[in-house]
Amino acid sequence: MTVNLGVPELPPRTLAPRRTTRQLTVGTVGVGSESPVSVQSMTTTLTADINATLQQIAELTASGCDIVRVACPSQDDADALPDIARKSQIPVIADIHFQPRYVFAAIEAGCAAVRVNPGNIRKFDDQVKEIAHAARDRSTPIRIGVNAGSLDPRLLARHGSATPEALVESALWEASLFAEHDFHDIKISVKHHDPVVMVRAYELLAESCDYPLHLGVTEAGPAFQGTIKSAVAFGALLRQGIGDTVRVSLSAPPVEEVKVATQILQSFNLRPRKLEIVSCPSCGRAQVDVYKLAEQVTAGLEGMEIPLRVAVMGCVVNGPGEAREADLGVASGNGKGQIFVKGEVIKTVPESKIVETLIEEAMKIAEETAHKPGTGRPSGPPVVTVS
């Protein structure tokens, strides 16, 4: 009798239900608790350079970005928005600071949404009525983006610094100005460079309103530091069901932001998993070069679109168990590797053939998945483990 010990086909587990919010539509992307958490990034090109900006948007789209933001600090940038909004494959948000007239230009250009920073838009409060009417006429959502580095001076004077309470007070005040004109298509962010302050600000905000929230640790830093800060902050909030869109702000190419954000959401089962490598950290028991094996398998399966967990394990202690629990795996030792597919050993190969065999078996799984009826994707998060 054969017992299949492979990955059970169960609904993905999540740590908490999503916080209930209002619903928005940003272009073709739903935003709010009834829609998946979406990934945003921002172009680093001069927006006025239409070709360069569209090229970077295409790269972000290919990497899994759902929504893209473009800066609009000049009239030349505003003039470029109609072409960019029309030709982009994903919704475009215009990022406006200082000049209210660019808010109206972005709405008229057909941008999917507009981000405004009330703390540094001159005479913003005086023009909320006009902005609300223009946005309603074009069904354009507004993101109120409050940043610690550009908080309204009146609030800084009252609170002494960019405290969580100050950030939330700013956001709710500006949202109330729109609400006075019956405009509620609003998303809010309250970003800070310190994850502790940022997390507390979003917790307070989540208790105080039902608007969708855009998560971000602003100025998070270079790739390694920024990844850690964003991961711990997002994890603390997503654990509570807080967060509807996310942006990882790195001093790195924007595609790297999307990769990090995607991986964070996949880790919480808030985004469909694709390739996942489960590999051991190695130790004195390891009889193969686990680091090299894991790197080679990862490189060989780059671009794999189906959800697949691959286990790469290096010794007999945890190796067989981890490999058995994955979609595809290897337990290595004594110059050989036992290859597991869906919980069963299908063959034993020499160490020199492990990587080649795993890639071949992964391709077979991908081919079988492509011909399955229905969605073409196996249910449950697939795993490939190498040990």
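What is the spin-label model distance, in nm, from ARG101 to HIS133 if the labels are put 7 Å beyond Cα along the C-beta direction?
About 1.9 nm separates the two model spin labels.
How much space per residue, in cubic angstrom, does the convex hull of the C-alpha atoms of the range 84-177 take up?
On the way: hull volume 8.8 nm³, N = 94.
Considering the Cα atoms of the range 84-177, their hull volume per residue is 94 Å³.
Looking at the range 60-124, which chymotrypsin sites (Phe, Trp or Tyr not before Pro) are in a loop (DSSP not H, G, I, E or B) and have at most 15 other Cβ atoms within 10 Å? Write out the running numbers ahead of the final one.
Values: sites: PHE98, TYR102, PHE104, PHE124; in loops: PHE124.
Here no loop site has a sparse enough neighbourhood.
Is the range 309-363 rounded, prolate or oblate when judged by the Cα gyration tensor, a ≥ b ≥ c being the square roots of its eigenvalues, rounded requiring a/c under 1.5 and prolate requiring a/b larger than b/c? Could you put the intermediate results ahead of the total?
Values: a/c = 1.71, a/b = 1.01, b/c = 1.69.
Because a/c hits 1.5 or more and a/b fails to exceed b/c, the range 309-363 counts as oblate.
Using the alpha-carbon centroid of each, what span in Å lies between the range 42-82 and the range 89-138?
16
Can you tell me how much longer the chain between GLU34 and LYS364 gets when fully stretched, taken as 0.36 nm per residue apart minus their C-alpha distance, in nm with one decimal?
115.3 nm
On average, how much area does the Cα convex hull of the chain cover when viewed from any direction, in nm²?
Mean projected area of the Cα convex hull: 21.3 nm².
Select from GLU368, GLU169, GLU203 the residue whose mean-square fluctuation is largest in a Gaussian network model of the chain (Cα-Cα springs shorter than 10 Å).
GLU368
Probe of 1.4 angstrom, ligands and nucleic acids ignored: what's the accessible area per residue over the chain, in square angstrom? Mind dumping the intermediate values first?
Working: 17290 Å² over 387 residues.
Using a 1.4 Å probe on heavy atoms only, each residue of the chain averages 45 Å².
Just GLN127, GLN99, GLN40 to compare: in a GNM of the chain, with alpha carbon springs under 10 Å, which one fluctuates most?
It is GLN127.
Between GLN225 and THR25, what is the label-to-label distance in nm when each label sits 7 Å out along the Cα-to-Cβ direction?
About 4.3 nm separates the two model spin labels.
Around VAL217, which amide H atoms from residues at least 5 apart in sequence, or from another chain, sit under 5 Å from its own amide H, with H modelled in the peptide plane?
SER249
Largest first, what is the accessible-area ranking of HIS181, HIS133 with a 1.4 Å probe?
Sorted descending by solvent-accessible area, the residues read HIS133, HIS181.
Just flag the trypsin sites (Lys or Arg not before Pro) in the range 90-136 sitting in loop per DSSP whose Cβ has no more than 13 other Cβ atoms within 10 Å.
Details: sites: ARG101, ARG115, ARG122, LYS123, LYS129, ARG136; in loops: ARG122, LYS123.
Loop-located and lightly packed - ARG122, LYS123.
Could you give the length gained on full extension between ASP194 and ASP289, defined as 0.36 nm per residue of separation minus the Cα-Cα distance, in nm?
So the extension gain works out to 30.4 nm.
Which of PRO195, PRO212, PRO222 ends up with the largest GNM mean-square fluctuation for the chain, with Cα atoms connected below 10 Å?
Ranking PRO195, PRO212, PRO222 by mean-square fluctuation puts PRO222 first.
Could you calculate the FRET efficiency of ASP126 with ALA62 from 1/(1 + (r/R0)^6), where r is the beta carbon distance between them and R0 is 45 Å, rounded to 0.05?
It comes to 0.60.
Find, among the GluC sites (Glu not before Pro) in the range 255-320, those assigned to loop by DSSP (not H, G, I, E, B) with at most 11 other beta-carbon atoms within 10 angstrom.
Answer in residue order: GLU302.
Give me the one-decimal nm value for the distance between modelled label points at HIS371 and GLU344, 7 Å along each residue's Cα-to-Cβ direction.
So the two model labels end up 1.8 nm from each other.
Sorted by packing (mean other beta-carbon atoms within 10 Å per residue), highest first, where do 358-365, 324-331 land?
Per-residue mean Cβ counts within 10 Å order the peptides as 324-331, 358-365.
Run the helix sum for the chain: -39,500 (n - 2.57) per DSSP H stretch of 4+ residues, divided by residue count, reported at 222 nm to the nearest 500 deg cm²/dmol.
-12000 deg cm²/dmol
Between ALA52 and HIS184, what FRET efficiency comes out of the Förster formula 1/(1 + (r/R0)^6) with R0 = 41 Å and r the beta carbon distance, rounded to 0.05?
So the FRET efficiency works out to roughly 0.70.
The values are calculated or read from the model by the stated rules, or taken from the named source; none is laboratory data. Note that this is a predicted model, so its numbers are computed, not measured. Heads up, the Cβs are rebuilt from the backbone with ideal geometry, glycines too, and the neighbour counts pull from every protein chain shown. For the accessible areas, the whole protein counts, side chains as well, though only heavy atoms, and no ligand, DNA or RNA atoms are used. Shrake-Rupley method; radii C 1.70, N 1.55, O 1.52, S 1.80 Å.
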